[in-house]
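The values are calculated or read from the model by the stated rules, or taken from the named source; none is laboratory data. Values in this document were obtained by computation on a predicted structure and should not be read as measured data. Note that each Cβ is placed from the backbone with ideal geometry, even for glycine, and that neighbours are counted across all protein chains shown. Ligands, DNA and RNA are stripped out before the accessible areas are found, and what is left, the full protein with its side chains, is counted by its heavy atoms. Shrake-Rupley method; radii C 1.70, N 1.55, O 1.52, S 1.80 Å.
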Amino acid sequence: MPTPISPWLRDSPGALFQLIRRVPLGMTRTEIGRQTHLSRTAVIQRLDALRSAGLVTEGGQLGAPSGRPAERYCVDRRRGVILVADLGAMGLTAAIADAAGTPKAVVQEMVDITDGPAAVLARVQARFDELLRGLHVDATRVLGIGVAVPGPVDHETGRTIDPPIMSGWHDHDIPGFFTDLFDCPVDVEKDTNAMVLGEHRAGRRDVDDMVLVKIGTGIGTGLLLRGELYRGADGAAGDIGHTPLTEDPDGPVCRCGNVGCVEAYAGGWALARDLAAATGRPCTVGDVVRAVRSGDATAIALVRRAGEIIGGAVADIVNMVNPRRVVFAGQLAALDELILATAREAIYRRSLPLATRNLQIVASSVPDAGVRGLAELVTDQTSSAAAIDALLA
Ligand SMILES: [Zn+2]
């Protein structure tokens, strides 16, 4: 008995667009008919509507061993562009992607997030203008914008809420800055959320339950559960950097104002603080990495201790959500022979055997995972069935 056609797929050209989106090489009319149970005439009408709106295009012919070659239909990547910017504590990465979310050009520059929203967002705008000029694209063809920030984001409003390392950014209307300049939706995400999605979509896509741990100036995580980003009820899920490691009132003060957070012992800024205290010279996170690489015993001991602490915090997540893969990213993850090895050992020691039986613990393998994840998030939004149906209405 043929599967009954879902009313949604029958009535929504946007739903048909979703089907085509999932197949990068495109689909023939026969394949679409087979999967949707739509009549040949209905398939042709839908494809015509999508094509006249510039949403799908012929993707070349599929050679058939017998009979006539069949035309394939794919997402039209020329429909417009997507602009994204991944802001870190000390730098930004911006990219322009096609309508399918594939980055076409990426630029980076140093910028201090504590310069505040007015100065930093002006830099992002300048990079966006440069990227548009580079591809000779007019600002009216921007379909959507994505921005990632190194702090907690209220996903409903796109505003950062009490971000420990982003002084001056609390409750700032980041989407409003861009909607004044561009007529398109703006998505603001916590940086690690964008990174874990980028790691998943641009990587092997072989694992649907994944935790990304960014160890840079601070410590943050992004959770991907069953292939979907998990933000929690308010957008604060997975913030292990600020779970208490000790209740000792004389413990180190964290940037969030509390005492004894994981980050106050093991974040890059805390390691720089401790190395500075040991050497009597001001230090940055980069100095810690360089000192470890040059064999400095103090720096090595500090990083090894940080790996142990981070591993213990990650073990809590492993026990809680049982991911298949833990991915380490960020400036300190570059010291994988030291920090990853120590963290890995702590995770195995402190997690249940069932939770670690098939667990993979690896360093990030996707360059610019943040901007890639952002481009995917914005594409999911601008190419959703509802957005396409609204466009065609
Ligand atoms: Zn804290």
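Quick notes on this one:
- Dividing the mean sequence gap of close Cα pairs (under 8 Å, 6+ apart) by how many residues segment 188-268 holds gives a relative contact order of 23 percent.
- With all protein chains kept in place, the per residue accessible area of the chain amounts to 46 square angstrom at a probe of 1.4 angstrom.
- Taking amide H atoms as placed 1.01 Å from N in the peptide plane, the amide H of VAL111 lies under 5 Å from those of GLY91, LEU92, each 5 or more residues away in sequence or on another chain.
- Note that segment 82-90 has calculated 3J(HN,Hα) couplings of 10, 10, 9, 9, 9, 9, x, 5, 10 Hz, one per residue in order, obtained from phi through the Karplus relation 6.51 cos²θ - 1.76 cosθ + 1.60 (θ = phi - 60°); glycine and proline are x.
- Dipole of the chain, positive end: most advanced residue of GLY227, PRO252, PRO117 [Cβ charges, Cα centre]: GLY227
- For the chain, radius of gyration divided by Kirkwood radius, i.e. Rg to Rh on alpha-carbons: 1.03
- Its relative contact order, with pairs defined as Cα atoms under 8 Å and 6+ residues apart, puts segment 7-163 at 17 percent.
- Length-normalised contact order of the chain in % [C-alpha pairs under 8 Å, at least 6 apart]: 16 percent
- Cα lying deepest toward the dipole's positive end in segment 249-369, options ASN322, THR298, THR284, charges on Cβ: ASN322
- Additional length obtainable on full extension of the chain from ASP162 to VAL253, 0.36 nm per residue less Cα span: 31.1 nm
- Reference-scaled alpha-carbon Rg (2.2 N^0.38 Å with N residues) for segment 287-385: 1.30
- Antiparallel %, DSSP beta bridges [both residues in the chain], to 5: 65 percent
- Angle in degrees between helix 268-279 and the longest Cα principal axis of the chain, rounded to the nearest 10: 30 degrees
- In this simple spin-label approximation, ARG77 and THR30 carry label points 7 Å from Cα along the Cα→Cβ vector, and these lie 2.7 nm apart.
- Long-range HN-HN contacts of ALA70 with modeled amide H, under 5 Å: LEU62, ALA64
- Counted charge near PHE128, where neighbours are those whose Cβ lies closer than 15 Å (Asp, Glu -1; Lys, Arg +1): -3
- At R0 = 22 Å, FRET efficiency that the Cβ-Cβ distance of LEU354 and GLU228 yields, to 0.05: 0.40
- R0 of 25 Å, Cβ-Cβ distance ALA278-THR246: FRET efficiency to nearest 0.05: 0.75
- Cβ-Cβ FRET estimate between LYS104 and THR298, R0 fixed at 25 Å, reported to 0.05: 0.05
- Taking amide hydrogens as placed 1.01 Å from N in the peptide plane, the amide H of GLN360 sits under 5 Å from those of ARG325, VAL326, each at least 5 positions away in sequence or on another chain.
- Antiparallel content of DSSP bridges confined to segment 214-361, in %, to 5: 70 percent
- Proximal charge balance of VAL207 [Cβ under 14 Å; K/R count +1, D/E count -1]: +1
- Neighbour cut-off at most 14 other Cβ (10 Å), DSSP loop, trypsin sites (Lys or Arg not before Pro), segment 276-346: ARG324
- Placing +1 on each Lys and Arg Cβ and -1 on each Asp and Glu Cβ, with no other charges, gives the chain a dipole about its Cα centre of roughly 1680 debye.
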